[in-house]
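Asker: Starting off with a structure, shown below.
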Amino acid sequence: MRMRNEVWQGSFGYWQNQFIHHNILSIGHLAWSGHTNQGRGMVVCQVIDVIPSFIDWSVDAVTFDQTFVSQGQVARYLQALELTQDVAPALLKAIATYDPTKTIVVLVMGNGEVDINLLQDLAIEPADCYAQVQQRWSEFQPNFPHLKSHL
């Protein structure tokens, strides 16, 4: 699978950015949980629904699964996705050097696309995402049933 050139740029207007924005609490929750239990790694979000060209993120729900891939498993995971060879070194370097208290490495798959982001300067840090989701767990169950099996 070939990635777009702008994959590391987080280009404005792509649905992946809105997806991340609307799911940052669950992404941050998993990032922190994964980091505290497995060390460095990345959050992978597999969007199950087809994202239409126009989606109202404030109304439309998007079904997705998410998992945490530890640093030691990332290379094998990327091979399974058949990503081009030039992607792995940059991603592995980002995972080896990111600050897990302030940054999240996230790979979003959906609509036949793979988008990788290094989320920095977050409005809410991963540990705070984790705390908020834990405090409001019942609120997340109807909307995020996928969280149960990956924590």
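Asker: I need every pair where a residue in the stretch 46-63 that is over 15 Å from N17 (Cβ atoms) and among the aliphatic types (A, V, I, L, M) has its Cβ under 7 Å from the Cβ of a residue that is in a loop (DSSP other than H, G, I, E, B) and modelled with pLDDT of 80 or more, sequence separation at least 6 or different chains.
Answerer: I48/T63; V50/N111
Asker: Mind listing whichever residues of the stretch 71-101 are open to solvent by 20 Å² or more (accessible area, probe 1.4 Å), at pLDDT 90 or above and of a type in the set (A, V, I, L, M, F, W, C)?
Answerer: If the condition is that a residue be open to solvent by 20 Å² or more (accessible area, probe 1.4 Å), at pLDDT 90 or above and of a type in the set (A, V, I, L, M, F, W, C), then L92, A96 are the ones that fit.
Asker: Right, here's the next one. Quick check: is even one residue across the stretch 51-61 modelled with pLDDT of 90 or more and open to solvent by less than 30 Å² (accessible area, probe 1.4 Å)?
Answerer: No, there is no match, as no residue in the stretch 51-61 is modelled with pLDDT of 90 or more and open to solvent by less than 30 Å² (accessible area, probe 1.4 Å).
Asker: Here's a follow-up. For Y77, which of the numbered conditions (1) assigned to a helix (DSSP H, G or I); (2) of a type outside the set (A, V, I, L, M, F, W, C); (3) touching a Phe, Trp or Tyr at 6+ places or on another chain (Cβ under 9 Å) fails to hold?
Answerer: (3)
Asker: Among the residues of the stretch 112-120, are any surrounded by 11 or more Cβ atoms within 10 Å (Cβ to Cβ), free of Cβ contacts under 8 Å to residues at least 24 places away in the same chain and within 24 Å of S33 (Cα to Cα)?
Answerer: Yes: one or more hits.
Asker: Here's a follow-up. How about the stretch 102-124: which of its residues are at pLDDT 95 or above and either assigned to a loop (DSSP other than H, G, I, E, B) or over 16 Å from the mean Cα position of the chain (by Cα) (or both)?
Answerer: K102, T103
Asker: Would you point out the residue of the stretch 36-50, among those that are open to solvent by 50 Å² or more (accessible area, probe 1.4 Å) and of a type outside the set (D, E), that is farthest from P100 (Cα to Cα)?
Answerer: V50
Asker: Tell me which of these D65 doesn't satisfy, since it passes every other one: (1) over 18 Å from H29 (Cβ atoms); (2) of a type outside the set (A, V, I, L, M, F, W, C); (3) in contact with a helix residue (DSSP H, G or I) (Cβ under 7 Å, 6 or more places away or on another chain).
Answerer: Checking D65 against (1) over 18 Å from H29 (Cβ atoms); (2) of a type outside the set (A, V, I, L, M, F, W, C); (3) in contact with a helix residue (DSSP H, G or I) (Cβ under 7 Å, 6 or more places away or on another chain), the one that fails is (1).
The values are calculated or read from the model by the stated rules, or taken from the named source; none is laboratory data. Here the structure is a predicted model, which means the values were calculated and not measured. Cβ atoms come from the backbone with ideal geometry, glycine included; neighbour counts cover every protein chain shown. Protein only, heavy atoms only, side chains kept; ligands, DNA and RNA dropped before computing areas. Shrake-Rupley method; radii C 1.70, N 1.55, O 1.52, S 1.80 Å.
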